Amino acid sequence: QAGARIAVGDIKEDPADFALWKNAKEGEPAWETPWGSGRPGWHIECSAMCLHELGESIDIHGGGNDLIFPHHENEIAQSESFTGKPFARYWMHNGMLQLSGEKMSKSIGNLVTIKEFLADHEGDVMRMLVLNGNYRSPLAFTDESIAAAENGLKRLKSAFRPATAKSAGADTEAARRSPQRSPRPKTLGALRPNPRQTRRTRRHHRRWQRGLKLAVGIVF
């Protein structure tokens, strides 16, 4: 929506216009051009990089859902006007990572880096945390959500550890102590009615959480 971010001024011929080139400002890089000293606008930077590195059309373009407007809409407008070809075949917009109800952002200063996270948790915990949600939805980064991911990961590892030990021909003390022995007929039977449901889950990314719960339900 025009005017949602910056007030519509007299310099625009149309409210939907956006800047391709910006006037030079003190302390910023600038180049001399027939239109005066300045620099590329934010949107044209990405179109130029895509055109140079990937070609006139690309298969998949990703980004946060906070970039749909104005950035990605403007990328499409300027790229397709220049090439006359579709800019991107598919768009994937992910939800924001939230900390204490706010978007995790460098500008706000509420970042938790991957390096900091891995100092206290293994990488699979982060993977489990992400898989528990839908990629298009906001992801709450809280002590509770991290603990839930850790517990789910421990349960999966506990279930598969005996099977892994047996497949390697190992009869270790850990495998003997485990309450989960080799797959029982009841466990194997749980796999039989589920292929159709599993395929349906893969087709609908919004139901990924159901697929993960299905996997956990099979091993427990």
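Calculate, for Arg155 and Phe69, the FRET efficiency according to 1/(1 + (r/R0)^6) with r their C-beta to C-beta distance and R0 41 Å; round to the nearest 0.05. Can you show the working numbers first?
Working: r = 41 Å, r/R0 = 1.00.
Efficiency at R0 = 41 Å is approximately 0.50.
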Between region 115-135 and region 30-90, what is the separation of their alpha carbon centroids in Å? 32
Could you run the Karplus curve 6.51 cos²θ - 1.76 cosθ + 1.60 with θ = phi - 60° over region 111-117 and give me ³J(HN,Hα) per residue in whole Hz, x for Gly and Pro? 7, 10, 6, 4, 4, 5, 5
Can you list the aspartates and glutamates whose alpha carbon is less than 13 Å from that of Lys22, not counting same-chain residues fewer than 8 positions off? Glu32, Glu45
Amide H neighbours of Lys22 at under 5 Å, excluding residues fewer than 5 places away on the same chain, with H built from the backbone geometry, are Arg39, Gly41
Under a 5 Å amide H to amide H cut-off, with H placed in plane at 1.01 Å, what residues pair with Ala88 once short-range neighbours are removed? Ile58
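Run the numbers for Trp42 and Lys25: contour at 0.36 nm per residue of separation, minus the present Cα-Cα distance, in nm. It would help to have the intermediate numbers written out before the result.
Numbers: separation 17, 0.36 × 17 = 6.12 nm, distance 1.45 nm.
So the extension gain works out to 4.7 nm.
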How do 14-26, 88-100 rank on mean C-beta neighbours within 10 Å, highest first? 88-100, 14-26
Can you pick out the pairs among Lys106/Lys154; Lys25/Lys106; Lys115/Lys154 whose Cα atoms lie more than 27 Å from each other? Lys106/Lys154
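Find, among the GluC sites (Glu not before Pro) in region 115-147, those assigned to loop by DSSP (not H, G, I, E, B) with at most 16 other beta-carbon atoms within 10 angstrom.
Numbers: sites: Glu116, Glu122, Glu144; in loops: Glu122.
Passing both the DSSP loop test and the Cβ count: Glu122.
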Per residue of region 132-149, what does 6.51 cos²θ - 1.76 cosθ + 1.60 with θ = phi - 60° give for ³J(HN,Hα)? Whole Hz please, x for Gly and Pro, Karplus curve as stated. 6, x, 8, 5, 7, 9, x, 10, 7, 9, 10, 4, 5, 5, 5, 4, 5, 5
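Read the figures in this text as sums done on the coordinates, not as results from a lab. All values reported here derive from a predicted model rather than from experimental measurement. As a convention, Cβ positions derive from the backbone with ideal geometry for all residues, glycine included, and neighbour counts pool all protein chains shown.
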